[in-house]
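Below is one structure, written out as structure tokens, with a few remarks after it.
What follows is calculated from the coordinates using simple rules that are stated; it is not laboratory data. For clarity, every value in this text was computed on a predicted model and none was experimentally measured. With ideal geometry, Cβ positions are generated from the backbone for all residues, glycine too; neighbour counts draw on all protein chains shown.
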Amino acid sequence: MKKAALIILFTIFVFSLAFGGVGFTDLQIRLMPPSSEHPFGTDMLGRDILSRCALGTLISILIASSVTAISLAFGILLSFLYLHPSFHEGIILSVSDSLKSIPSIVLALFVSAIAGPGIAVLVISLSLSHISDISRTSYAESRRISKEGYVEAARAMNGSTRWIFLHHVLPNMKGYLYEQGISVFLSSIIAESSLSFLGCGVPQPLPSLGSILSDARPVMTEAWWMILFPALIILLLAASLQLLGSKPDTTAH
């Protein structure tokens with residue numbers, strides 16, 4: 001199943017690179033149904049939905065990748081800091097719990113309302129929310145690993161904190177970091193689409209899967225293709241990432 005998920009993700013990524021574009025406005029072909037010339041149809045301004053869906057998918061992937069990289073980097077950094085005896089984790093964990101109490105979309109809406117819509121603002125606001133999740137779980141994971149016998153032995157041999165982290169803690173966090181990365185990536189895709197649907201995500205004229213769905217609301221009964229194709233891409237992304245992040249069934253038969 002994971003191979004199928006990787007194939008789907010790779011296909012979507014190639015599709016986004018090959019066909020992405022903002023789309024040219026041509027009111028003479030507005031709201032055209034899917035055809036050989038426009039396989040996904042056109043929108044209310046006559047723009048090709050295939051090229052807009054492709055570029056919107058690429059933008060979503062880039063945003064989700066940035067959020068995932070930032071969140072995991074902070075998670076790794078905090079895991080390293082937690083190993084220092086002089087590090088007071090209470091303040092960091094209190095801030096983390098405070099941020100975690102605010103839903104990611106609400107936090108992103110708040111930041112966007114202050115700083116205005118934009119890709120950089122979107123990445124920062126989504127990263128803030130996911131850093132709070134990863135910092136708490138990174139703390140628990142690094143504490144668990146640091147109590148293992150091989151870590152205690154490394155400490156008894158006067159191993160430095162950095163050496164212990166790089167050679168013992170971080171390698172044993174690979175599975176955790178993989179699962180967290182997939183979870184953050186999927187959550188970021190959904191959050192970005194939701195915010196763009198609300199008009200607080202990717203700024204115009206750049207397309208987003210969420211903004212394409214938002215544009216379809218006034219004509220959803222007559223232009224079904226404006227709903228179908230972006231929603232199908234989001235569904236395929238979510239399903240493949242869910243399969244990619246799922247653990248194999250180890251139940252004995």
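Using only helices, what value at 222 nm comes out for the chain when you add -39,500 (n - 2.57) per DSSP H run of length 4 or more and divide by the total residues, to the nearest 500 deg cm²/dmol? Kindly include the intermediate steps, with their values, before the conclusion.
On the way: 10 runs with 168 residues, N = 253.
Value at 222 nm, helices only, nearest 500: -22000 deg cm²/dmol.
Once amide H atoms are built 1.01 Å from N in the peptide plane, which residues 5 or more positions from M44, or in another chain, come under 5 Å H to H?
Counting only residues 5 or more places away or on other chains, the set is L31.
Tell me, what ³J(HN,Hα) does each residue in the stretch 199-204 have, in order and in whole Hz, if you take phi through Karplus 6.51 cos²θ - 1.76 cosθ + 1.60 with θ = phi - 60° and put x for Gly and Pro?
Values, residue by residue: x, 10, x, 5, x, 5 Hz.
Any chance you could list the semi-axes, whole Å, largest first, of the equivalent ellipsoid that the Cα gyration tensor gives for the stretch 122-214, using √(5λ)?
For the stretch 122-214, the ellipsoid semi-axes come out as 40, 11, 10 Å.
Rounded, prolate or oblate: which one fits the stretch 1-58, using the alpha carbon gyration tensor with axes a ≥ b ≥ c (rounded when a/c is under 1.5, else prolate when a/b beats b/c, else oblate)? Walk me through the intermediate numbers first.
On the way: a/c = 3.70, a/b = 2.41, b/c = 1.53.
Prolate shape, in that a/c is at least 1.5 and a/b is the bigger ratio.
Would you mind pulling out the separation of the Cα centroids of the stretch 181-253 and the stretch 15-53, in Å?
Cα centroid to Cα centroid, the span is 19 Å.
Which one is right for this structure if percent of Cα pairs over 35 Å apart is calculated from it: [x] 5; [y] 19; [z] 28?
Calculated percent of Cα pairs over 35 Å apart: the matching label is [z].
Treating only the Cβ of Lys, Arg, Asp and Glu as charged (+1, +1, -1, -1), what charge dipole size does the stretch 69-222 show about its Cα centre? Round to the nearest 20 debye.
My answer is approximately 440 debye.
Please sort 15-23, 40-48 by packing, taking for each peptide the average over its residues of neighbouring beta carbons within 10 angstrom, highest first.
40-48, 15-23
Just to verify a number: FRET efficiency for F24 and A239, C-beta to C-beta distance, R0 = 41 Å, to 0.05?
0.80
At F10 and A115, where each label point lies 7 Å from the Cα along Cα→Cβ, what is the point-to-point distance in nanometres?
3.5 nm
Only helices at least 15 Å long along their own axis, judged from Cα atoms, and with Kyte-Doolittle mean hydropathy of -0.5 or greater: name those in the chain from DSSP H.
Qualifying helices: 2-19, 49-82, 89-100, 104-115, 119-146, 174-197, 225-245.
Over its Cα atoms, what ratio of radius of gyration to 2.2 N^0.38 Å does the stretch 126-168 give?
My calculation over the Cα atoms of the stretch 126-168 gives 1.42.
Amide H to amide H under 5 Å from S208: which residues, 5+ apart in sequence or cross-chain, H placed 1.01 Å off N in plane?
none
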